[in-house]
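Have a look at the structure below before the remarks.
The values are calculated or read from the model by the stated rules, or taken from the named source; none is laboratory data. From a predicted model like this one, the values you see are computed outputs, not experimental measurements. Cβ sites come from the backbone with ideal geometry, for glycine too, and all protein chains shown count toward neighbours.
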Amino acid sequence: MCDAVRADGPDLSMRQWSILLTVYLNPGPHTVRALARDLNVPKPAISRALDALSILDFIKRVRDPNDKRIVLVQKTAAGAIYLDEFARLVESHAEDQPLSALYG
C-alpha cells in the first residue's frame, strides 16, 4: 500500500479510519455516543476525530430534527469518493500481487 502512503491525499489515523468505515459501512443513524460505544473510545476522542474528518468533508454533523440535543454523523459525497478511490487502489494492488505475497 505504498501508493496510498505516497499519495497527496490526507493521512488518516487509525481512529479516523475506524470511524469513517463504521459510518460508511454500517446502517445509521450514527451519533457520537453510539460511535464511542461501538468503538470503545471516549466521546471526546470521537469528537476530535470527527473534527478532522469534517474539515476534510468526509463526514458532516447535523442536529437530529426530532431531538435537537442529538448530533447525527452523516456521510458526504467527498467521503464516499475518497473511500471508493482507496478501495480501487487496494483492489488494483491486490490484482498485481500473487496471493502468497498478500498472506506470507
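Considering only residues in the stretch 24-50 that are of a type in the set (S, T, N, Q) and surrounded by 14 or more Cβ atoms within 10 Å (Cβ to Cβ), the one that is nearest to P65 (Cα to Cα) turns out to be T31.
The residue that is surrounded by the fewest Cβ atoms within 10 Å (Cβ to Cβ), counting only those in the stretch 64-83 that are polar (S, T, N, Q) and under 24 Å from G9 (Cα atoms), is Q74. Considering the stretch 52-63 alone, what residues qualify as being in a helix (DSSP H, G or I) and either loosely packed, with under 12 Cβ neighbours inside 10 Å or at pLDDT below 95 (or both)? Residue satisfying the conditions is I55 alone. Could you please let me know if L21 is at pLDDT below 95 and loosely packed, with under 14 Cβ neighbours inside 10 Å? Answer is no for this residue.
In the stretch 64-85, of all residues being under 11 Å from Y24 (Cα atoms) and assigned to a strand (DSSP E or B), the one that is nearest to the chain's Cα centre (by Cα) corresponds to K75. Scanning the stretch 64-77 for residues that are at pLDDT below 95 and not polar (S, T, N, Q), we see that the one that is nearest to S18 (Cα to Cα) is V71. Please go through the stretch 34-51 and give me each residue that is in a helix (DSSP H, G or I) and either in contact with a Pro (Cβ under 7 Å, 6 or more places away or on another chain) or in contact (Cβ under 8 Å) with a residue 12 or more places away in the chain (or both), ordered by number. Residues satisfying the conditions are L35, A36, D38, L39, A45, I46, S47, A49, L50.
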